[in-house]
Amino acid sequence: MISISKSTSDPNISVYKHNRWKGLDGKKTTLANRDLQKAIAYYGDPTKFKNNQKLTDEKSIKYEAYSHKDTKEVLKEVFHSKCAYCESYIAHIEPGDVEHFRPKAKVVTDQGNSLIPGYYWLGASWNNLLLSCINCNRPNRLLINSTTDEVLMGKANFFPISDESKRLRNHNQDIALENPFVQLINPCSDDPEQHLDFLPNGEVKALDEKGEKSIAIYGLYRADLVLRRKKTAEGLSRTLEFLVMEIKDIQEKQAHGMPIDLSLDKLAMHLESLKKALEEKAEYLAIKKALIAQFIASNPISNNKLVDLGVDLTDLL
Ligand SMILES: [Zn+2]
């Protein structure tokens with residue numbers, strides 16, 4: 001998981017900006033605002049929902065803004081068609097889910113209690129939307145890395161907070177008051193590096209409780225994902241090994257007063273593939289950045305030589 005730069009302002013699409021839809025009061029409004037009106041009228045009505053019980057037979061409302069094709073298109077751009085949680089490229093294998101960071105209809109707590117409704121007023125909120133793959137978002141029994149155990153993972157309606165008394169339950173409450181207690185990493189507002197560490201063998205380690213819960217709930221330790229990250233790390237390690245070889249070659253040639261043009265060309269080629277691997281749209285950037293940081297720390301001579309040649313790998317981090 002890596003930090004994602006997503007504007008907190010609503011995107012410039014009609015769903016959020018143009019008053020083209022008829023609101024509940026008969027006045028024209030945005031589709032997002034109409035969803036909010038519908039959600040408050042339905043879920044915010046104590047005759048319909050009380051004490052975590054649904055008291056009405058009335059059909060649940062249908063949110064339309066988050067599932068609108070324009071909203072999904074913007075999310076795909078923001079997330080480069082990658083899952084916000086596991087960084088897998090999803091566009092070529094599945095349509096991808098528009099994911100609500102705070103679940104809208106129901107919340108399952110750490111203790112296994114169901115809270116109904118969930119964060120209904122955030123069903124259309126731009127700041128609550130991310131793009132996610134099916135495995136991170138939906139409940140699935142998947143194999144844990146290095147074990148033969150299949151475990152239920154996938155975010156579904158889980159949304160742990162460290163103090164249930166701080167849990168928001170209605171649209172009149174201020175979300176900023178709950179944020180410090182949230183125990184899942186939101187890559188759009190948290191720095192995942194503070195909570196997760198990625199190892200060269202593809203594994204991910206938690207640096208704190210928020211990291212621990214995020215690994216378990218998003219399923220970042222599922223076997224197939226760890227294997228993908230491992231393969232990615234192996235590819236990057238090979239490029240870094242080639243870099244070291246070229247640097248040694250350059251140093252030797254310089255010591256003997258030999259021309260280094262050819263070696264510089266090869267070095268540039270390896271640097272180019274390194275830059276490509278670190279492009280924003282590339283998969284698994286967190287493990288790649290961790291490997292490069294490790295390379296810089298454990299190969300100071302090679303890195304210093306690169307700096308002498310005008311290349312600073314820290315620019316890639
Ligand atoms: Zn994912």
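Summary of values
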read-out	value
Contour excess over end-to-end distance, with Cα ends at GLU241 and ILE260 and 0.36 nm allotted per residue	5.0 nm
Distance violations [Cα-Cα > 31 Å] among LYS76/LYS276; LYS253/LYS281; LYS62/LYS231	LYS253/LYS281; LYS62/LYS231
Cross-link pairs LYS72/LYS104; LYS28/LYS54; LYS72/LYS288; LYS17/LYS69 - those with Cα-Cα distance over 19 Å	LYS28/LYS54; LYS72/LYS288
Residue-span extension gain [HIS171 to LEU152] - 0.36 nm each, minus C-alpha spacing	3.7 nm
Estimated inter-spin distance, ASP208 and THR47, nm [label 7 Å along Cα→Cβ]	4.6
DSSP-defined beta bridges in the chain - what % are antiparallel, rounded to 5	95
Residues GLU77 and ILE116, FRET efficiency given R0 of 30 Å [Cβ-Cβ distance, rounded to 0.05]	0.35
Spin-label zone in segment 116-139 - amide nitrogen under 19 Å from a point set 7 Å from the Cα of ARG20 along the C-beta vector	124-126
Centre separation in Å (Cα based) which lies between segment 71-133 and segment 236-280	41
Förster radius 41 Å - calculated FRET efficiency between ASN179 and LYS62 (Cβ-Cβ, nearest 0.05)	0.90
Signed unit charges on C-beta, dipole axis of segment 14-221, positive-most listed residue ALA206, LEU129, GLY26	GLY26
Inter-label distance, nm, simple model (7 Å from Cα along the C-beta direction), LYS27/SER3	4.0
Among PRO192, PHE181, ALA105 - extreme Cα towards positive end, dipole of segment 105-195, charges at beta-carbon	ALA105
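Laboratory data are not the source of any read-out in this text; all were calculated from the coordinates shown. Because the structure is a prediction, the values reported are computed rather than measured. Every residue, glycine among them, receives a Cβ derived from its backbone with ideal geometry; neighbour counts consider all protein chains shown.
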